[in-house]
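The values are calculated or read from the model by the stated rules, or taken from the named source; none is laboratory data. Everything quoted here is computed from the prediction, not taken from an experiment. Heads up, the Cβs are rebuilt from the backbone with ideal geometry, glycines too, and the neighbour counts pull from every protein chain shown. In case anyone asks, the SASA skips ligands and DNA or RNA and just uses the protein heavy atoms, side chains included. Shrake-Rupley method; radii C 1.70, N 1.55, O 1.52, S 1.80 Å.
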Amino acid sequence: AIVLGINQQLVQRIGARPFVFCGVVGPVPMEAALTQRVEQAVRALAAEFELRGLGSLDFMQDGDAFAVLEVNPRPPASVALYRDQRPIEAHLRACREGELPERTPHTLTHGTEIVFAREPLRLSSAAARGLAAQLQCHDLPRAGSVFAAGDPLCSVSAQGGSADEVVALLSSRRD
């Protein structure tokens, strides 16, 4: 098993829910010693459960410690952050032939964020066309769709040289 990248999950408070998943940014840097321990955990879990293909390991980091939350034995949603590495082809090769992809250096950080309705609304035709015209907007609703406050409205994406830059771009695009 190899680690293709480490991502940072984005969360925000929505109403009474303090930690709602709203997106992901990656790859992000992590201290070398901690990265090595995460990679050891990935290899051990992949071997123990005889995993093949792309998957993900969810963990929480606290300083130089981490705790494994779960292993997902399927391509995760964050696979979209690695499209330049052709992840679906890599997944199929790993499943069919047991061939691991090569680790490649990352030149850009990618991110995606879910945009939640801030208040109840009905999406007008003009607003739906406006969203569709934005290349960074995805998962678009149809005109006339009705949203309660806190409902997912669409997604935005960004890329940049660092996680901080991408998070700032996502925030701007969300607003």
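Observations on the structure shown:
- Think of a 1.4 Å ball rolled over the protein heavy atoms: region 54-101 then has 65 Å² of accessible area per residue.
- A dipole drawn for the chain from +1 and -1 charges on Cβ atoms has a positive end, and of Thr112, Ala1, Val156 the residue lying farthest that way is Val156.
- Here the sum of -39500 (n - 2.57) over DSSP H runs of 4 or more residues, divided by the residues of the chain, equals -8500 deg cm²/dmol at 222 nm, to the nearest 500.
- Solvent-accessible surface (1.4 Å probe) assigned to Cys137 amounts to roughly 20 Å².
- Taking the three principal axes of the alpha carbon atoms in the chain, the coordinate ranges are 51, 35, 30 Å, sorted in descending order.
- Each eigenvalue of the Cα gyration tensor of region 1-62, multiplied by 5 and square-rooted, gives one semi-axis; in descending order these are 26, 14, 11 Å.
- Inter-probe distance in nm under a simple model that places probes 7 Å from Cα toward Cβ, at Glu48 and Leu108: 3.7 nm
- GNM flexibility winner over the chain from Glu165, Glu113, Glu70 (Cα, springs under 10 Å): Glu70
- Length gained when the stretch Glu31-Cys95 is fully extended (0.36 nm per residue, less Cα-Cα span): 20.0 nm
- The tail of the calculated P(r) for region 82-152, taken as Cα-Cα distances beyond 15 Å, holds 68 percent of the pairs.
- Between 0 and 90°, nearest 10: helix 32-48 axis offset from the chain longest Cα axis: 80 degrees
- Listed residues Arg17, Arg103, Arg83, most fluctuating in the chain (Gaussian network, C-alpha, under 10 Å): Arg17
- Charging the Cβ of each Asp and Glu at -1 and of each Lys and Arg at +1, and nothing else, the dipole of the chain about its Cα centre rounds to 680 debye.
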